[in-house]
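Student: This is the structure, below, for whatever I ask next.
Since every read-out is calculated from the coordinates, none of them should be taken as a lab result. Since this is a predicted model, take the numbers as computed values, not measurements. Glycine gets a Cβ as well: all are built from the backbone with ideal geometry, and neighbour counts include every protein chain shown.
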Amino acid sequence: MTAGPTFSPERVAALRSGELSEVRAALAGLSREDLAAWLATPDGEDVLRTVFERMPERYTGGPMDGTQTARWEVERLPASTLAYDLVLTEDTCDVRETGISGAPAVTLALDAVSFVEMASAAVQGMDLLLKGRLHIRGDVNLAIRMESLFGLAEPGEPL
């Protein structure tokens, strides 16, 4: 694998921050190709793992029909795909390695750039779905609720 683009320490810090406005600012002006190449690097992988680790902090919860597992598959070409299970209840989100939580109720598969855009509320999941960048298998109703379960607003709205 060849090295991806180099980002400034400030841009990497903003991407790693977890603050949606900082992440969106760091994304501004980046091409999808440059961001995709960087997300395939070890630093990019680390940022993606940090996003998953912080998901319980952003989880707002809501009515749930028992415990539900949502599997996320984030493709990073030419690097490996990252996959995590989010085990959700009305008020908790537990992030786990895939395979230890049983079969998921829903699987959401998308490329790494689309995941970062969605996780930072820069783009809505429905837009990604309509563009063919987000693929859903299983409980579509649970998939549609993901953004509201994690307190993500419409793109451009302050959080």
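Student: If each of Ser31 and Ser80 carries a label point 7 Å out from its Cα toward its Cβ, how far apart are those two points in nm?
Tutor: 2.9
Student: Also, quick follow-up: Normalise the Cα radius of gyration of the range 75-159 by 2.2 N^0.38 Å (N = residues in it) and let me know the number.
Tutor: So the Cα radius of gyration is 1.10 times the expected 2.2 N^0.38 Å.
Student: Here is a follow-up. Kirkwood hydrodynamic radius, the range 10-159, all distinct C-alpha pairs: what's the number in Å?
Tutor: After inverting the mean inverse Cα-Cα distance, the result is 15.5 Å.
Student: Find the centroid of the Cα atoms in the range 80-102 and in the range 54-69, then give the distance between the two in whole Å.
Tutor: 11
Student: Mind checking the range 74-159 for trypsin sites (Lys or Arg not before Pro) that DSSP puts in a loop (not H, G, I, E or B) and that have at most 11 other Cβ atoms within 10 Å?
Tutor: Lys131
Student: Using only the alpha carbons, work out the radius of gyration and Dmax of the range 114-153 in angstrom.
Tutor: 9.5, 25
Student: Where the only charges are on Cβ atoms (+1 Lys, Arg; -1 Asp, Glu), what is the dipole of the range 9-112 about its Cα centre, to the nearest 20 debye?
Tutor: 120
Student: Determine ³J(HN,Hα), in whole Hz, for all residues of the range 20-25 in sequence, where each value follows from phi through the Karplus function 6.51 cos²θ - 1.76 cosθ + 1.60 and θ = phi - 60°; x replaces Gly and Pro.
Tutor: 3J(HN,Hα) across the range 20-25, in whole Hz: 4, 5, 5, 5, 4, 5.
Student: Okay, moving on. Helix-only estimate, please: 222 nm mean residue ellipticity of the chain, summing -39500 (n - 2.57) across DSSP H runs of length 4 or more and dividing by its residues, to the nearest 500.
Tutor: So the helix-based figure for the chain works out to -12000 deg cm²/dmol.
Student: Compute the helix-to-body angle for 140-149: its Cα long axis versus the longest principal axis of the chain, expressed 0 to 90° and rounded to tens.
Tutor: 60
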